[in-house]
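Everything below concerns the one structure shown next.
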Amino acid sequence: MAASESDKDFVVFDRVQKSYDGEQLVVKDLNLNIGKGEFLTMLGPSGSGKTTCLMMLAGFETATHGDILLGGKPINNIPPHKRGIGMVFQNYALFPHMTVGENLSFPLEVRNMSKSVREQKVKDALDMVQMGDFAGRRPAQLSGGQQQRIALARALVFEPQLVLMDEPLGALDKQLREHMQYEIKHLHERLGVTVVYVTHDQSEALTMSDRVAVFEDGRIQQLSSPDDLYERPENAFVAQFIGENNKLFGKVEAITKGVATVKLPMGGVVKAKAVNCEKGQDTTLSIRPERVKLGASKSSNATDAKVLELIYLGDHIRCRMNVHGNEDFVVKVPNAAGHKHLSVGETTTVSWLAEDCRALDA
Amino acid sequence: MSDVANGPVLAADGTPLKKRLGQALFRSKLRAFGLVVPLLLLILMAFLAPTLVFLKRGVYNDEFAKVMVNSQPLLAAWDAKSEPSDEMFNALHADLVQSRKDKSIGRVATRVNRELSGTRSMFTSTARKAEKMEPPFKDALIDANKKWANIEVWEAMKISNKSWTPAYLANAVDLKYNADGSFERKSEERRIHIKLFVRTMEISVIVTLLGVLLGYPVAFLMSSLQARTANLLLILVLLPFWTSLLVRTTAWIALLQGEGVMNDLFVLFGLAEDQNRFSLIYNKTGSLIAMTHILLPFMILPLYSVMKTIPPTYVRAAKSMGASNWTAFWRVYFPQTIPGIGAGGILVFILAISFYITPALVGGESGTMISNFIDFHMRDSLNWSLAAAMGAVLLVIVLFLYWLYDRIVGIDNMKLG
């Protein structure tokens, strides 16, 4: 169906490149399709090109090459104020000389809406973020979390189909940030608006998104749902960037039925799921700390481990060990009844399943 | 909480906490005050006291009463209508004799001459003859100069006789103070001060507006450029500051005069005929151009410092909400620069209203401002009391405008950096 096809490609980046100085590409060959109603997060370290992509979509930067399409139409030559895209900025950018109500009314005024319509919409938007009583206040009189809500309401009040958020929670403290993550997620679910969200905080990305695009070096390294991203990283950068990760370096000896036999420099041999490696090549093995078991197991990947450090974290104990010569190998021991008590210096056995160990690019 | 119920909160040693706190803070307050004392004394002795003393001259002048001690009480009691009595003539004679001896007659003559011109020589020449006069002095004095019979002369003396007098203030606003204590407007051709005040205001307002119009884009450009280029521009803005005011003004003479660079260019491009060059200097235009140029940095700097603190995200946010470039500027950017316009505007206006060297050099007659007139009375006519009165009127006008500004824009809203 044509309708569903266009719904799937609501926003399209088609071979987009961007350079600021004509010497280096900040964004290299970006291809990305965002569906209608989707919550897509651009995640990456600073300087990876994610904010540039957002600014190109908003119209504040021009693409050096390639097309950006919104609802099937190329928007490269449309100025920002005609794109109809809502935006939440990092420091909220609430106009300090206007009250909260005037801030929200602004996008409606420039659309020449009548006063009564404006008042109703402003009231609805403020109620939506539970700030109904604050219309008469100035932004400076609000706390960070309250300003954040007003910025959100202001980006939504003119009912755009697409809302861009540029690290909107960056300035809040941890507790408030987590709370706002849920609020934004719920607002998205309720309104069905398409959201493109930029952050460098992976837990934020995993909590809120339908899909996450991991940026590094001007490219999308992986684009998938949060659980795929965490459990099935496609390359060593994503595995390292998302969540905690244990790395082992080795050489692929053989691949049979998707299982790679990897020889480690210290002499050990590990079976791993072959994801992104070739026979005879170097590889990075990635194992999540919570997938490592203590004690002997029938699995082929059992090895000796020397306990180097124990950190008590309440619900679990973080145990740093020497495994196959890697002294930063971390195992999370759940603080459950009857768990094994370790002590520093002791040597024990750890093991993991072959499918929990992914052989990725070097 | 019993100690709260029983009275003031006590410190550990039993004295009331408030008193202890006051003692604890007193020493540090005293020390802080000690740091500003030198400046305070300097301002008090070198600025505030002289200003007040000089302002007093605007309403107090005892040049007449101090010398004419015999006439003083009689003139004060005189009703300014009836014929001057013999007693008054006798007193006048005695005063003239005395003042001739201690050489103070010149000051008295000048003082009365300000109220009624043409009386100066009357005083000095009569005083010369006074010693040899025989009673009755009324006839002797009128004999010496028949103008002593004129009642206007006596009225002028009665006005001069008052030490505390509104005469100078009245003069500063083109009013005439009469001997009977009434005021009337001066005759049409003698009303020059109000015209000068109005022209001073007009020039200052135009210079301020031109400053905003010319300075705003420059400040905006500087605030939107990268730090290195912006600093270069800032140096260009500041460069005139390092040149003497006199040099800058004289440079304008070279540029603007009839045979100057500007007019040569106008003729070259056919904008003016050679015989019919523009008169850009020694008139109001000259004052306006030179003053705008000299005062422009005072506009640009506060504007720049305010604009630099406005992040570009505000305009971006406005555009993302659908505002066109103009709306985003006018509704979002411009209101945030008003504190800068206010600070720069009030700075330029107050400097312009008391501008002196530039209008004196390039203003000609139509570009003369009130401060040039004050200077004239200080140095040429030596009528310091009138100069003080005009200064006082100028001060009142500035204070009034400052108050108005506070009411409309708010002084708190002013930002210099």
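How many residues, within the stretch A:19-67, are within 14 Å of the chain's Cα centre (by Cα), crowded, with 16+ Cβ neighbours inside 10 Å and among the hydroxyl-bearing types (Ser, Thr, Tyr)?
Residues flagged as within 14 Å of the chain's Cα centre (by Cα), crowded, with 16+ Cβ neighbours inside 10 Å and among the hydroxyl-bearing types (Ser, Thr, Tyr) within the stretch A:19-67 amount to 3.
Looking at (1) surrounded by fewer than 21 Cβ atoms within 10 Å (Cβ to Cβ); (2) farther than 18 Å from B:Val218 by Cβ, can you tell me which one B:Ser305 breaks?
(2)
With the checklist (1) within 14 Å of chain A (Cβ to nearest Cβ); (2) of a type in the set (Gly, Ala, Ser); (3) surrounded by 18 or more Cβ atoms within 10 Å (Cβ to Cβ) in hand, flag the one item B:Ser324 doesn't pass.
All conditions are met except number (3).
Search the stretch A:17-32 for residues that are under 15 Å from A:Gly47 (Cα atoms) and pair each with any residue that is of a type in the set (D, E, K, R) when their beta-carbon atoms are under 6 Å apart and the residues are at least 6 apart or on different chains.
As it stands, the answer is A:Val26/A:Lys18; A:Val27/A:Lys18; A:Lys28/A:Arg219, since those pairs meet every condition given.
Just the residues that are among the β-branched types (Val, Ile, Thr) and either farther than 18 Å from A:Gln130 by Cβ or not in a helix (DSSP H, G or I) (or both), please, taken from the stretch A:157-198.
Those that are among the β-branched types (Val, Ile, Thr) and either farther than 18 Å from A:Gln130 by Cβ or not in a helix (DSSP H, G or I) (or both): A:Val157, A:Val163, A:Val193, A:Thr194, A:Val195, A:Val196, A:Val198.
With the structure loaded, tell me whether B:Leu394 is more than 30 Å from B:Ile310 (Cα to Cα) and either in contact with a Gly (Cβ under 8 Å, 6 or more places away or on another chain) or crowded, with 20+ Cβ neighbours inside 10 Å (or both) or whether it fails that test.
No.
Do we find that A:Ala155 is within 14 Å of chain B (Cβ to nearest Cβ), small (Gly, Ala, Ser) and crowded, with 19+ Cβ neighbours inside 10 Å in this structure?
yes
Out of curiosity, is B:Lys56 under 36 Å from the mean Cα position of the chain (by Cα), among the basic types (Lys, Arg), closer than 30 Å to B:Pro166 by Cα and surrounded by 11 or more Cβ atoms within 10 Å (Cβ to Cβ)?
Considered against the rule, which asks whether it is under 36 Å from the mean Cα position of the chain (by Cα), among the basic types (Lys, Arg), closer than 30 Å to B:Pro166 by Cα and surrounded by 11 or more Cβ atoms within 10 Å (Cβ to Cβ), B:Lys56 comes out as yes.
So which residues in the stretch B:197-212 are surrounded by fewer than 21 Cβ atoms within 10 Å (Cβ to Cβ) and under 26 Å from B:Val306 (Cα atoms), if there are any at all?
Across the stretch B:197-212, the qualifying residues are B:Val205, B:Ile206, B:Leu209, B:Leu210, B:Val212.
Can you tell me which residue within the stretch A:91-121, out of those that are under 31 Å from the mean Cα position of the chain (by Cα) and among the hydrophobic types (A, V, I, L, M, F, W, C), is farthest from the other protein chains (Cβ to nearest Cβ)?
A:Val100
Scan the stretch A:66-90 for residues that are more than 8 Å from chain B (Cβ to nearest Cβ) and either hydrophobic (A, V, I, L, M, F, W, C) or under 21 Å from A:Gly136 (Cα atoms) (or both) and jot them down.
A:Ile68, A:Leu69, A:Leu70, A:Ile75, A:Ile78, A:Val88 - these are the residues of the stretch A:66-90 that are more than 8 Å from chain B (Cβ to nearest Cβ) and either hydrophobic (A, V, I, L, M, F, W, C) or under 21 Å from A:Gly136 (Cα atoms) (or both).
Kindly indicate whether any position in the stretch A:216-225 is at pLDDT 90 or above, hydroxyl-bearing (Ser, Thr, Tyr), surrounded by fewer than 18 Cβ atoms within 10 Å (Cβ to Cβ) and not in a strand (DSSP E or B).
Within the stretch A:216-225, one or more residues are at pLDDT 90 or above, hydroxyl-bearing (Ser, Thr, Tyr), surrounded by fewer than 18 Cβ atoms within 10 Å (Cβ to Cβ) and not in a strand (DSSP E or B).
Can you confirm whether B:Leu394 is farther than 30 Å from A:Pro80 by Cα, in a helix (DSSP H, G or I) and either at pLDDT 90 or above or within 14 Å of chain A (Cβ to nearest Cβ) (or both)?
Yes; evaluated as a whole, the condition is true for this residue.
Only residues that are closer than 20 Å to B:Gln98 by Cα and exposed (fewer than 14 other Cβ atoms within 10 Å of the Cβ): list them for the stretch B:144-189, please.
Listed by number, the list is empty, since nothing qualifies.
Take the residues in the stretch B:36-84 that are touching a residue at least 40 places away in the same chain (Cβ under 8 Å) and polar (S, T, N, Q); name whichever of them is nearest to B:Ala389 (Cα to Cα).
B:Asn61
Tell me the strands (runs of 3 or more DSSP E) entirely within the stretch A:254-362 that contain at least 3 residues that are over 22 Å from A:Val238 (Cβ atoms).
Once the strands (runs of 3 or more DSSP E) in the stretch A:254-362 are filtered for at least 3 residues that are over 22 Å from A:Val238 (Cβ atoms), what remains is A:301-312, A:316-323, A:326-334, A:347-352.
Please determine whether any residue of the stretch A:314-325 is in contact (Cβ under 8 Å) with a residue 40 or more places away in the chain and surrounded by 15 or more Cβ atoms within 10 Å (Cβ to Cβ).
The answer is yes; a qualifying residue exists.
Of the conditions (1) at pLDDT 90 or above; (2) more than 14 Å from chain B (Cβ to nearest Cβ), A:Met56 fails just one. Which one is it?
(2)
Can you find, within the stretch B:227-254, the residue that is modelled with the highest pLDDT among those that are out of contact with any Pro (no Cβ under 7 Å at 6 or more places or on another chain) and either charged (D, E, K, R) or not in a helix (DSSP H, G or I) (or both)?
Filtering the stretch B:227-254 for residues that are out of contact with any Pro (no Cβ under 7 Å at 6 or more places or on another chain) and either charged (D, E, K, R) or not in a helix (DSSP H, G or I) (or both), the one modelled with the highest pLDDT comes out as B:Arg228.
Just the residues that are of a type in the set (Ser, Thr, Tyr) and farther than 15 Å from A:Leu164 by Cα, please, taken from the stretch A:191-218.
Passing the criteria: A:Ser203, A:Thr207.
Just need a number here: residues in the stretch B:361-382 that are under 26 Å from B:Ser163 (Cα atoms) and modelled with pLDDT of 90 or more.
The total comes to 10.
The values are calculated or read from the model by the stated rules, or taken from the named source; none is laboratory data. The structure displayed is predicted, hence computed values, not measured ones. Note that each Cβ is placed from the backbone with ideal geometry, even for glycine, and that neighbours are counted across all protein chains shown.
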